[in-house]
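Colleague: This structure is in structure tokens; I'll ask about it shortly.
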Amino acid sequence: MDIHEYQAKEILGRFGVPVPQGGLAYSPEQASYRAQELGGERWVVKAQIHSGGRGEAGGVKVCASYAEVEDAAAKMLGKRLVTRQTGAQGKTVFRLWIEEAVEIAQEIYLGFVLDRKTERVMVVASAAGGMEIEEIAHENPDSILRMVVEPAVGLQDFQARELAFGLGLDTAQIGRAVKLFKGAYRAFRDLDATMVEINPLIVTGAGELMALDAKMSFDDNALFRRPDISELRDKSQEDPRESYASDRGLSYVGLQGNIGCMINGAGLAMATMDMIKLAGGEPANFLDIGGGASPERVLKAFRTVLMDDSVKVVLVNIFAGINRCDWVAEGVVQAFTQAEIQVPVVVRLAGTNVDEGRRIIAESGLPIITADTLADAAEKAVAALAA
């Protein structure tokens, strides 16, 4: 689960990471009022969407008067920002963060990510901040510092000092840097985050360290014990199909094709999508119904897939182990009566209770296309498009 910049900053601030003062605004008038509350002579109006690269898309504006703040806010609110990370569809701006402008003497990149290969937290830092880590790796790979944190002991002082010296910070800034690095790490560890990114981490004109921008992502599977984090979810920034599926315990990723996929197991889902492309089709989604799929769960999966108007064929590919083919077959039959399916459906079943599952489908009298193998199912799904 991703959260907004201002939410990430509020969290990091609680863990001792210095952040600029700011306020949230939902209207141009409120934006101007926030600037007046902050005082000063210059402010930054920042669109709050779940994406980087907002500045290049017109989502960050430095203003020198209350009128400029209000004008910038009016232009951003309701606008659909298209960045490198949003794709062509972009994301709509519904809220703004009005922040005091800070003098920047140096920009630094700092990130904490979960490295699944080493099963450790990886710290990634670079003195070349202010741009995406992919750009840094391409343009200045020697500037990237990497450090592995042992979870049993956490980020140690000597590691934080080594990082600070590696970034070229002054001796007077080392102590503050150590406190900031350890605070960001504690936020990562204590809140079940999968990523904390501060980009840029700046050195101000006065020599202070400050998180000028921040991102945080959290482990969906741990949200049940983090209700305060769950409340930060903004569904307006999510694909409505993915939100619908997530709320019903389904793993779903929307794609650009027209063959809807319902599969159990991520590996089988990837194989199915590959077979669809090999047969000349394009998958419309990745949907893993998971283990223990009851008829009710299958029905929910059908409704999720059919939310996408571009879906012209549904391919159900189940290799039952924990699942049972008869339950899946019952769910398919229920979907035809309750979800008002208007597109061809191809079903391939294998594994536990497969004979019973096939019998249920055969005796249903419904126009369900059956297949014996994955390749056969993919070919029939592609053929159904042209029918």
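Colleague: When the range 221-237 is examined, which residues are found to be of a type in the set (D, E, K, R) and free of Cβ contacts under 8 Å to residues at least 60 places away in the same chain?
Modeller: Result: Arg225, Arg226, Asp228, Glu231, Lys235.
Colleague: Have a look at Glu68, Glu41, Glu100, Glu107 and point out the one that is surrounded by fewer than 19 Cβ atoms within 10 Å (Cβ to Cβ), free of Cβ contacts under 8 Å to residues at least 12 places away in the same chain, closer than 22 Å to Pro20 by Cβ and charged (D, E, K, R).
Modeller: One residue alone meets the criteria, Glu68.
Colleague: Kindly evaluate Leu81 against the criterion of being modelled with pLDDT under 95 and open to solvent by less than 10 Å² (accessible area, probe 1.4 Å).
Modeller: Spelling it out, Leu81 is indeed modelled with pLDDT under 95 and open to solvent by less than 10 Å² (accessible area, probe 1.4 Å).
Colleague: Here is a list: Glu379, Glu330, Glu340, Glu356. Which entry is touching a residue at least 60 places away in the same chain (Cβ under 8 Å) and either outside any strand (DSSP E or B) or not aromatic (Phe, Trp, Tyr) (or both)?
Modeller: Residue meeting the stated conditions: Glu379.
Colleague: Give me the pairs: first residue in the range 1-17 and at pLDDT below 95, second residue buried (at least 21 other Cβ atoms within 10 Å of the Cβ), beta-carbon distance under 6 Å, and six or more apart or on different chains, which are they?
Modeller: Met1/Phe218
Colleague: State all residues of the range 16-38 that are among the aromatic types (Phe, Trp, Tyr) and either under 18 Å from Leu81 (Cβ atoms) or surrounded by 19 or more Cβ atoms within 10 Å (Cβ to Cβ) (or both); if no residue qualifies, say none.
Modeller: First, the residues of the range 16-38 that are among the aromatic types (Phe, Trp, Tyr): 26, 33.
Of everything in the range 16-38, just one residue is among the aromatic types (Phe, Trp, Tyr) and either under 18 Å from Leu81 (Cβ atoms) or surrounded by 19 or more Cβ atoms within 10 Å (Cβ to Cβ) (or both), namely Tyr26.
Colleague: Could you check the range 168-248 for strands (runs of 3 or more DSSP E) lying wholly inside it with 1 or more residues that are among the hydroxyl-bearing types (Ser, Thr, Tyr)?
Modeller: Ranges flagged: 193-204, 214-218.
Colleague: Does at least one position in the range 209-232 carry a residue that is open to solvent by 70 Å² or more (accessible area, probe 1.4 Å), at pLDDT below 90, at negative phi and not charged (D, E, K, R)?
Modeller: yes
Colleague: Report, by residue number, each residue of the range 240-252 that is over 30 Å from Arg14 (Cα atoms), of a type in the set (D, E, K, R) and surrounded by fewer than 16 Cβ atoms within 10 Å (Cβ to Cβ).
Modeller: Of everything in the range 240-252, just one residue is over 30 Å from Arg14 (Cα atoms), of a type in the set (D, E, K, R) and surrounded by fewer than 16 Cβ atoms within 10 Å (Cβ to Cβ), namely Arg248.
The values are calculated or read from the model by the stated rules, or taken from the named source; none is laboratory data. The model shown is predicted, which means the values in this text are computed figures rather than measured ones. Note: ideal-geometry Cβ built from the backbone for every residue, glycine included; neighbour counts use all protein chains shown. Only protein heavy atoms, including side chains, enter the accessible area calculation; ligands, DNA and RNA are left aside. Shrake-Rupley method; radii C 1.70, N 1.55, O 1.52, S 1.80 Å.
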